[in-house]
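Everything on this sheet refers to the single structure shown next.
The values are calculated or read from the model by the stated rules, or taken from the named source; none is laboratory data. Here the structure is a predicted model, which is why all the values come from computation and not from measurement. Here the Cβ is made from the backbone with ideal geometry for all residues, glycine too, and neighbour counts use every protein chain on show.
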Amino acid sequence: MNKTLAAVASGTLLTAKMASVVERMARAGHPSLDQLTPDEAKASYEKGAGVLEVPKPDLTRIEDFSITARDGFEIPARLYAPSSARLPVLVYFHGGGFTVGNIRTHDTLCRVLSLKSGCAVVSVDYRLAPAHKFPTASDDAWDAFAFVAKEGARLGLDTNRLAVGGDSAGGTLAAVCAILARDAGLPLALQMLIYPGTTGHQDTPSHQLYANGPLLTKALIDYFFGQYVRTPADRDDWRFAPLLADDVEGVAPAWIGLAECDPVVDEGIAYADKLRAAGVAVDLEIYRGVIHEFLKMGRAIPEALQAQNDAARALKEALKP
């Protein structure tokens, strides 16, 4: 291990509380997801998803429904709202490397975002690898977003005030939907990208620096992407790597929240730069001394609470009447 990685591991670059969490994870001795079968990885991720989260807020509306995809599949979705009023809405895509995660693993986070922002949230259970390869996730994401934009009024939503967001792979899907929404002429007030993946080959300096984690490692990213892509060419498709999109001029303003000690931090910064160069308004926040997935660690990491507040504030501001 080089000196920089040793410093990360010993907590020099991590906050004291983040280093304590990483140490406790290591002590627990659970196998990394990449050492499991995909079904085992899905179960393991779900089992651990809520361990460090804040208590689950109660909301006025929590409703499960489904959205018909282009091939007839019924995509599960869940609506969260802090009141019965006609509210603006965030369409949200969970993280998990296109392979793990679901509505349940991000239930608390979506409740928190809804409560803090005063907006409705629609969480989308897009189909996962390896049963469903690229571009199924992005197709499902777009079909779900387009449904909410066009039919959300039937759910009591104000579709004139619409945002899209997600974390990690879900942030990738949100960025893709923002580009497609521009192309389709659908109104979009904000794209909320939380440590999104935007490149296809894990070749930035931060990928090298944090190849051994903490938490998100090169081996785990290789495992996730190996489940999802069909051929190497998929990695050069902008729907997998939005940084490769030819033109992002005119897409919705962005709030981008990144973790400093994260393999994907460089590509998040690069995407913010790409948007700004195209004239898109970008609010970029880099949370120091924390790792990928930190947003769901609000019980232990103060920066998670700060990031949740910042994201909710951005939503409230973008979606105000």
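Report, by residue number, each residue of the stretch 278-299 that is crowded, with 16+ Cβ neighbours inside 10 Å, over 17 Å from the mean Cα position of the chain (by Cα) and over 25 Å from VAL89 (Cα atoms).
Result: GLY289, single match.
Looking only at the stretch 25-42, which residues are surrounded by 12 or more Cβ atoms within 10 Å (Cβ to Cβ) and either among the hydrophobic types (A, V, I, L, M, F, W, C) or at pLDDT below 95 (or both)?
MET25, ALA26, HIS30, LEU33, LEU36, ALA41
Could you list, in sequence order, the residues of the stretch 238-268 that are crowded, with 17+ Cβ neighbours inside 10 Å and part of a loop (DSSP other than H, G, I, E, B)?
Those that are crowded, with 17+ Cβ neighbours inside 10 Å and part of a loop (DSSP other than H, G, I, E, B): TRP238, ARG239, PHE240, ALA241, ALA245, VAL248, VAL251, ALA252, PRO253, ASP262, PRO263, VAL264.
Taking the conditions exactly as written (part of a loop (DSSP other than H, G, I, E, B), more than 21 Å from LEU128 (Cβ to Cβ), touching a residue at least 24 places away in the same chain (Cβ under 8 Å) and out of contact with any strand residue (DSSP E or B) (no Cβ under 6 Å at 6 or more places or on another chain)), does ALA181 satisfy them or not? Break it down stepwise before answering.
Numbers: part of a loop (DSSP other than H, G, I, E, B): no; more than 21 Å from LEU128 (Cβ to Cβ): yes; touching a residue at least 24 places away in the same chain (Cβ under 8 Å): yes; out of contact with any strand residue (DSSP E or B) (no Cβ under 6 Å at 6 or more places or on another chain): yes.
The answer is no for ALA181.
Got a sec? Which strands (runs of 3 or more DSSP E) wholly within the stretch 50-101 have at least 3 residues that are touching a Gly at 6+ places or on another chain (Cβ under 6 Å)?
Details: elements: 61-68, 74-81, 87-93.
Correct list: 87-93.
Hey, LEU215 hits all of (1) crowded, with 24+ Cβ neighbours inside 10 Å; (2) touching a strand residue (DSSP E or B) at 6+ places or on another chain (Cβ under 6 Å); (3) within 17 Å of ASP262 (Cβ to Cβ) but one; which does it fall short on?
(1)
Going residue by residue through the stretch 99-112, is there one that turns out to be surrounded by 23 or more Cβ atoms within 10 Å (Cβ to Cβ), of a type in the set (Gly, Ala, Ser) and either closer than 27 Å to ASN309 by Cβ or free of Cβ contacts under 8 Å to residues at least 40 places away in the same chain (or both)?
Within the stretch 99-112, one or more residues are surrounded by 23 or more Cβ atoms within 10 Å (Cβ to Cβ), of a type in the set (Gly, Ala, Ser) and either closer than 27 Å to ASN309 by Cβ or free of Cβ contacts under 8 Å to residues at least 40 places away in the same chain (or both).
One line per residue, one yes/no per condition, for (1) among the acidic types (Asp, Glu); (2) crowded, with 24+ Cβ neighbours inside 10 Å; (3) under 29 Å from ALA241 (Cβ atoms); (4) modelled with pLDDT of 95 or more:
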| site | (1), (2), (3), (4) |
| --- | --- |
| PRO82 | no, no, no, yes |
| TYR126 | no, yes, yes, yes |
| PRO130 | no, no, yes, yes |
| ALA137 | no, yes, yes, yes |
| LYS150 | no, no, yes, yes |
| ALA153 | no, no, no, yes |
| ALA169 | no, yes, yes, yes |
